[in-house]
Structure formats: C-alpha cells, structure tokens
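First comes the structure, then the notes that go with it.
The values are calculated or read from the model by the stated rules, or taken from the named source; none is laboratory data. Everything numeric here is computed off the predicted structure, so don't read it as measured data. Because the Cβ atoms are built from the backbone with ideal geometry, glycine has one as well, and the counts that use them run over all protein chains shown.
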Amino acid sequence: MLVGVLVFSSSLTQPVYGLLSDRFRSRAFVVLGPALAGLFISSLGLAPSFNSLLFLLFIAGVGIASYHPQGAALTHRHSERNPAFHMSIYVTAGTVGFALGPLYITSVIQHFGLPNSFWATIPGLLVSLFLYFHVPGPTSGPAHLEGRPSARLRTVLRPLLVLYTLVVLRSITHSGIASFLPLYYIQHGYSAYTANRFLTIFLFAGGASGLAGGWLASRFSGKKLLAFSFITSVPLFLAFLTSQGIWSVLFGSAGAAFLLLTNPLNVVMAQNLVPHGASTIAALTMGFAWGMAGLLIPIIGSAIEIFGFESTFAVLTLLALPAFILTFLLPDEKAGDKH
C-alpha cells in the first residue's frame with residue numbers, strides 16, 4: 001500500500017502538474033518541489049501512526065510530481081543546441097540520485113537514528129534555495145498558447161502514443177528486473193549486502209548511459225537510436241540470465257545501459273511534437289508512464305513466485321522486441337533537432 005501511494009502521488013499525478021505548469025507558467029512548481037519532497041520523505045521516521053505515514057508519503061510524492069514536468073520543460077526551453085544531450089543530463093542526474101537515495105537515507109539514520117531522520121532534508125532545502133535565486137521566470141510568450149496544447153496534440157497523436165508505449169514497455173522491463181534483482185542474486189548465493197551493490201551497479205549503468213544517448217542524438221535519428229537500444233538489450237539480458245558471477249553482473253548492467261540509452265530522447269522527441277505543452281508532455285512520457293509500469297510490479301512478483309526468476313525475467317526482456325517493431329512507426333529525424 002505504501003508503494004501504491006507513492007507511485008500514485010509522485011508519478012501518476014504528474015500530468016496534472018504538467019498541465020498546471022503549462023497553464024500558469026509559475027516557477028513555484030520547480031522551486032518548491034525539492035524542499036517539499038525532501039522534507040516529507042525525511043520525516044517518515046516521525047510518523048506516529050500508519051495513516052500519518054501515508055499522509056507524509058503522499059505529500060512527498062506531490063513534491064516529486066510537481067518538480068519533474070516543469071524541470072524537464074525548462075531544460076527543453078533553454079537548450080538551443082542539442083536539447084537531447086541537456087535532457088540526458090537532467091534525466092541522468094535524477095537516476096543517479098535515485099540510485100544514491102537508499103544509501104544516503106540509511107547513512108543518516110545510522111548516524112542520527114530514525115527519530116532524527118528529518119536531517120536528511122537539508123540537501124532538498126538547499127536545492128530549493130538555489131533554484132529560487134537561479135531558475136529563470138516564465139517566458140513572455142502567450143500563456144493561452146502554452147497552456148492549451150490540445151489542438152497540436154491531435155495532429156501528432158500517433159507518434160506520441162508510440163513514444164508513450166515505448167516508455168511503458170521499457171519501464172516494465174527495467175523496473176521489473178531492478179525491483180527483484182537483489183532477491184535474484186540472494187537466491188544465487190550472494191549476501192544481501194553484495195546483492196544490493198550489484199543493484200547499484202545496475203542502476204548506475206542504466207542512468208549513465210543516458211548521457212551517451214544524448215550525445216548520439218545529434219548524430220543519428222531518434223528512430224534509429226531507439227531501434228538500436230531495444231534490439232541490443234535483448235541478447236545482453238539473455239546473457240545475464242545464462243551466466244554466473246561477475247559475468248552476470250556485467251551482462252545485466254550492459255543490458256540496462258543499452259535499454260536506457262534513449263531514455264532522455266523519448267522526452268525530447270515528444271516535446272518536439274508538442275513544444276507549447278512541454279511540461280504536460282514530459283509528465284506523460286516520464287512520471288505517468290513510469291507509474292503505469294510501477295503498478296505491474298506486484299504482478300511481476302507473483303509471476304516470479306509461480307514461474308521463477310529466470311522465466312519471468314526472460315519474458316520482461318522479450319518486451320523489447322515489440323518495442324523494436326514500434327520504433328518503425330516514428331518519424332525519421334534527429335532527436336537532437338528542436339522544432
């Protein structure tokens with residue numbers, strides 16, 4: 001239930017904040033988001049009851065959901081050259097932060113104790129303070145145009161739906177494997193500590209590869225990069241499932257790297273289709289799509305109990321094949337091109 005509340009408030013509600021951001025064009029969403037998320041996530045140790053824990057978790061998710069759409073829109077708006085590379089920095093930083101989060105909060109709790117976990121909020125407060133002084137205000141363009149992308153949306157609905165479906169399929173594969181990777185390695189005889197180290201490597205490899213994808217976007221079409229990303233990840237993940245020891249870690253991390261190579265490109269390609277609704281489109285192709293994939297995690301867990309890790313991970317891996325086919329429905333243009 002806790003995971004469901006966080007997925008709903010931090011991911012599935014992102015389009016709402018994207019629409020509000022495009023409509024009102026206030027920088028409050030991106031400025032207050034880190035402080036709100038950091039403060040309430042770090043205060044979970046103070047919750048006196050289960051209901052208050054749910055409340056704190058929900059409000060923390062609001063901070064996450066309000067920040068990401070406008071942050072992606074600002075990145076796109078102020079990237080005159082190679083927006084895909086700049087978006088890759090934005091997305092990669094978030095992925096690295098996600099990978100470091102458990103290590104950070106665990107260290108804070110070990111040093112200060114669970115009742116004092118609120119000290120972990122300091123970085124979030126400092127980031128919000130920095131953004132308050134440095135994030136530019138809204139542009140002077142017509143507000144009604146940026147707040148109503150629906151007319152433009154109808155003309156690009158098919159490629160937008162394709163991009164959204166690709167993100168969902170990619171997220172199901174990556175989240176499904178990452179969520180149960182420590183248990184997979186524990187079943188193969190590794191300690192919980194070592195298994196979590198392998199998970200960190202897996203997450204870092206996937207996050208860092210986005211930078212390479214952003215750099216490649218100025219040289220190759222997004223369509224070709226997406227096709228390459230999906231088809232290459234399949235043999236690497238299958239090799240991960242059939243190997244042992246360090247080779248398993250290397251193949252799995254390589255599979256994650258190629259799978260997430262085009263993660264930032266999806267966002268930029270969608271924003272290029274609807275440039276005046278950049279926050280809304282970013283929310284649909286980031287948080288909302290990731291959240292939809294996250295809802296399947298309990299089902300994936302049940303499948304593992306019935307069919308085992310190898311069979312379930314293999315099915316998740318093969319989702320990249322229909323994704324590969326869908327890429328051929330996209331326009332053939334460089335993902336780094338800004339309309």
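Which count do you get for residues in segment 79-112 that are at positive phi and free of Cβ contacts under 8 Å to residues at least 40 places away in the same chain? Outline the logic, then answer.
Filtering segment 79-112 for residues at positive phi gives 82.
With free of Cβ contacts under 8 Å to residues at least 40 places away in the same chain added as a condition, the list becomes none.
Number of matching residues: 0.
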- [ ] Tell me, please, whether a residue that is farther than 24 Å from Leu330 by Cα and assigned by TED's automatic domain parsing to the domain that holds Leu318 can be found in segment 209-224.
- [x] no
Open item on the list: Looking only at segment 285-302, filter to residues that are hydrophobic (A, V, I, L, M, F, W, C) and within 10 Å of the chain's Cα centre (by Cα); which one of those is nearest to Tyr67 (Cα to Cα)?
Closed with: Met286
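Residue-wise test of (1) surrounded by 14 or more Cβ atoms within 10 Å (Cβ to Cβ); (2) at pLDDT 90 or above.
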{"site": "Ile109", "(1), (2)": "yes, no"}
{"site": "Trp119", "(1), (2)": "no, yes"}
{"site": "Phe130", "(1), (2)": "no, yes"}
{"site": "Ser150", "(1), (2)": "no, no"}
{"site": "Leu153", "(1), (2)": "yes, no"}
{"site": "Val156", "(1), (2)": "yes, no"}
{"site": "Leu161", "(1), (2)": "no, yes"}
{"site": "Tyr164", "(1), (2)": "yes, yes"}
{"site": "Val168", "(1), (2)": "yes, yes"}
- [ ] Report yes if Ala65 is surrounded by 22 or more Cβ atoms within 10 Å (Cβ to Cβ), modelled with pLDDT of 85 or more and more than 20 Å from the chain's Cα centre (by Cα), otherwise no.
- [x] no
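The rows are residues; the columns are (1) touching a Gly at 6+ places or on another chain (Cβ under 6 Å); (2) surrounded by fewer than 16 Cβ atoms within 10 Å (Cβ to Cβ); (3) in contact (Cβ under 8 Å) with a residue 24 or more places away in the chain.
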{"residue": "Leu250", "(1), (2), (3)": "no, no, no"}
{"residue": "Ala254", "(1), (2), (3)": "no, no, yes"}
{"residue": "Met269", "(1), (2), (3)": "yes, no, yes"}
{"residue": "His276", "(1), (2), (3)": "no, no, yes"}
{"residue": "Ala282", "(1), (2), (3)": "no, no, yes"}
{"residue": "Met292", "(1), (2), (3)": "no, no, yes"}
{"residue": "Ile299", "(1), (2), (3)": "no, yes, no"}
{"residue": "Gly308", "(1), (2), (3)": "no, yes, no"}
- [ ] Looking only at segment 37-58, decide whether some residue is under 20 Å from His134 (Cα atoms), surrounded by 24 or more Cβ atoms within 10 Å (Cβ to Cβ) and touching a residue at least 60 places away in the same chain (Cβ under 8 Å).
- [x] yes
Open item on the list: Conditions first: (1) more than 24 Å from Thr106 (Cα to Cα); (2) in a helix (DSSP H, G or I). Ser26 passes all but one, so which condition is the exception?
Closed with: (2)
